[in-house]
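Worksheet: the structure to be examined is printed underneath.
The values are calculated or read from the model by the stated rules, or taken from the named source; none is laboratory data. Just so it is clear, the model here is predicted, and its values are computed rather than measured. Here the Cβ is made from the backbone with ideal geometry for all residues, glycine too, and neighbour counts use every protein chain on show. The area values use the complete protein model at the heavy-atom level, side chains included, leaving out ligands, DNA and RNA. Shrake-Rupley method; radii C 1.70, N 1.55, O 1.52, S 1.80 Å.
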Amino acid sequence: MPKPSKFPHPDPAPPEIGRVRNLLAIDPWLTPFADRLESRNLEFQAALKEMEPGGGLLGPISQGHLYFGLNRGENEGQPGVWYREWAPAAQSLALVGDFNGWSRDANPLTRDEWGTWSTFLPDREYGSRLVHGSRVKAHVVAGGTALDRVPAYIRRAVQDPETHDFSGQFWSPPQPYVFRNPSPVLPAGRSSGQSSGRSGLRIYEAHVGMAQEEARVGTFREFTDHVLSRARDGGYNAVQLMAVAEHPYYGSFGYHVSSFFAVSSRFGTPEELKELIDTAHGMGLRVFMDLVHSHAVKNVLEGLSHFDGTDHQYFHAGGRGEHPAWDSRLFDYSRYEVRRFLLSNVRYWLDEFRFDGFRFDGVTSMLYRDHGLGVTFSGYDDYFNENVDDEALLYLQLANQLVHDLRPDAVSIAEDVSGMAGMARPVEEGGLGFDYRLAMGVPDYWIKTLKERRDEDWPLGEIFGMLLNRRAGEKHVAYVESHDQALVGDKTLAFQLMDAEMYSAMSRHTQSLGVDRGIALHKLIRLLTFSLGGEAYLTFMGNEWGHPEWIDFPREGNGWSYSHARRQWSLADAEDLRFREMGAWDRAMLALDQDPGILEDSLIELLWRDDARKVLVYRRGPLVFACNFHAKESYSDLRIPVPDPVDYRPVLDSDATQFGGQGRTAAEVTYWRQDVAFEGRKQSIQLYLPSRTVQVLRPVT
């Protein structure tokens, strides 16, 4: 029988619910769907069983990159290079490139019964011609047309600066990169008894190309030299890299992938990316990749679309293979070779580059046949009806199982807005196997609140409840804003709060009530989200110190300008600007997860809420958070309840001058415990709490 749960349900759980009983114990409202959850698990087990004769999930199904594409090997004892391509409907294939004068006749491929084409290029004939860096393409005759295509499993693709044509490169460096540093383990934090005692994930989301101040495309080496240390020194312990895989259009932010196994050549070479990851590991930073398996670019010459002349080789045929909102192609996850392609891609980035995990993009789009467009997801039926794409769901289960089989310490994060039940629960429970889900409703709520309500009218109870409104037993990544909230057409949180005054009134020597208000609320919003919104935390680079303006990549509509596809780090470094104070607040805030380690602490309690005074007091772990949202009123000798019968001291005060505050409270103070019952607690303290500030208090032990 499932253990008792605080979640009510009109009917008790059945006595035997198989492997899904843990999930039902956490959420008994799922009991009517127990058979569907069990069916998901059985389908997953059947898929694993089907793979067993070939070596299981760690066998050929996840090693396609070692077989397809260009790989060194032997043929009848002769060393050389194999080229293999899956193109079942093609009439003929040939390997062309600078090594054979781009001849369409010199190196034809032979087809086997499964639709795989292959050719072998022995070193004795091609060793001096097909060398590291040689440019190659697949000449494909299919459907009555003949096209030169970039090989599907190519390890590197480069674009001609004049013709803008992409071609593959045979990538086989004579001196492969040698990693020096192991992947870091998250350090242990002090536990209040309700947590694992580990620090949580503090993720610095970043885009290498726009990570430099100059109006141009940045490189892996520049990111390694200048940005990794900013993430580390800011208190983050993980970097999440966007736009890693090759994509033809820079303005797609990396989400229209063409070559899934190729590092984006805009930023540098595969070796330079490996050096970035290795250096990050040496700094104690884990590195995650933004993995795009939800769709692919439509481009024919650069991508996978119509590779063998059909619209249904890698993708669904007809309308189901077209994303109506993203203008892209949608994978057919039921096909063996599609699963092999994508699972091998997962393994490739883990094994070859030593990424520490993935943020899976577009999970909602994958899971539902309507891609979640316009759906409110208001009931559990939405997670178990005919709209759910069971093939995509199974693929995600397999991908997560592979991630954790290969690297038990690796992390997988789902970008999902639907709240699919079991998203971040183990596969054997009927879950999807992710470690975390992005708490995507949080930034949407803050944007809506800022646009529709005066801060004097903010509903504190609603805010507190919203930040805790997540599925029990499933970890979430909280964030105020990612790259999505900073894109052109929207505004960053800082820009929402201060707007044009960010151009004229951010000097420490300029008086501005608007900037004072904006910075005060910026600190409050970020601390609330950090301390209540999840078990991990994320920011997009620069947003932590209030980067002004928006993100806009070069495009025809802006005259192909890079002015908004960069980060103005000098603003954060300038001693006379208030951006520096906002960055200092972010560092101090994140330090709360290093000691005592609050993100992994499950103990969260509302201690007191006074809507008239605009005061909110709560705890997470051993810490007490006292917030005054009132626009004008400061409170002297304000009595608040405290959970423990001890004295308290502030460890963080948003009104401190180093954080851009007014310094209205004493730098060193102890709030003495009083045996005065208040709001259901036997003890309380009194403190001075200025307007629009928060104090974080720690028990004196």
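Overview of results
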| item | result |
| --- | --- |
| Coil-residue GluC sites (Glu not before Pro) of region 78-183, DSSP, other Cβ within 10 Å capped at 12 | E113, E162 |
| Simple label model, 7 Å out from Cα along Cβ direction - D490 to R111, nm | 4.7 nm |
| Positive-end residue of A238, M420, L330, charge dipole of the chain with Cβ unit charges | A238 |
| Length gained when the stretch S507-D644 is fully extended (0.36 nm per residue, less Cα-Cα span) | 45.1 nm |
| Residue order for E549, E213 - accessible surface, 1.4 angstrom probe, largest first | E213, E549 |
| GluC sites (Glu not before Pro) lying in DSSP loop within region 323-415, provided at most 15 other Cβ fall within 10 Å | E386 |
| Length added when fully stretched, W102-H164, from 0.36 nm per residue minus Cα-Cα | 20.5 nm |
| Solvent-accessible heavy-atom area per residue, rounded to whole Å², over the chain at 1.4 Å | 39 Å² |
| Heavy-atom accessible surface of region 383-472: percent carbon and sulfur, 1.4 Å | 46 percent |
| Accessible area (Å², 1.4 Å probe, nearest 10) - H256 | 50 Å² |
| Cα-projected label distance for K448 with S334, points at 7 Å along beta-carbon direction, nm | 3.6 nm |
| DSSP bridge orientation in the chain - percent antiparallel, rounded to nearest 5 | 70 percent |
| Straight-distance crosslink candidates among lysines, where the alpha carbon sits under 30 Å from K523 and sequence neighbours closer than 8 are dropped | K448, K451, K475, K491, K614, K632 |
| Options H164, A584, P699, ranked by Cα towards positive dipole end of the chain, top entry (Cβ charges) | P699 |
| Which of S570, Q683, V651, positive extreme of dipole for the chain (C-beta unit charges) | Q683 |
| Stretch gain in nm, segment E125-R681, where the contour uses 0.36 nm per residue and the Cα spacing is subtracted | 191.8 nm |
| Total charge dipole magnitude, the chain, about the Cα centre, Cβ charges on Lys, Arg, Asp, Glu only, Debye to nearest 20 | 1260 debye |
| Accessible surface of K448 - all protein chains present, 1.4 Å probe, nearest 10 Å² | 110 Å² |
| Principal-axis tilt of helix 270-282 within the chain, Cα atoms, nearest 10 degrees | 30 degrees |
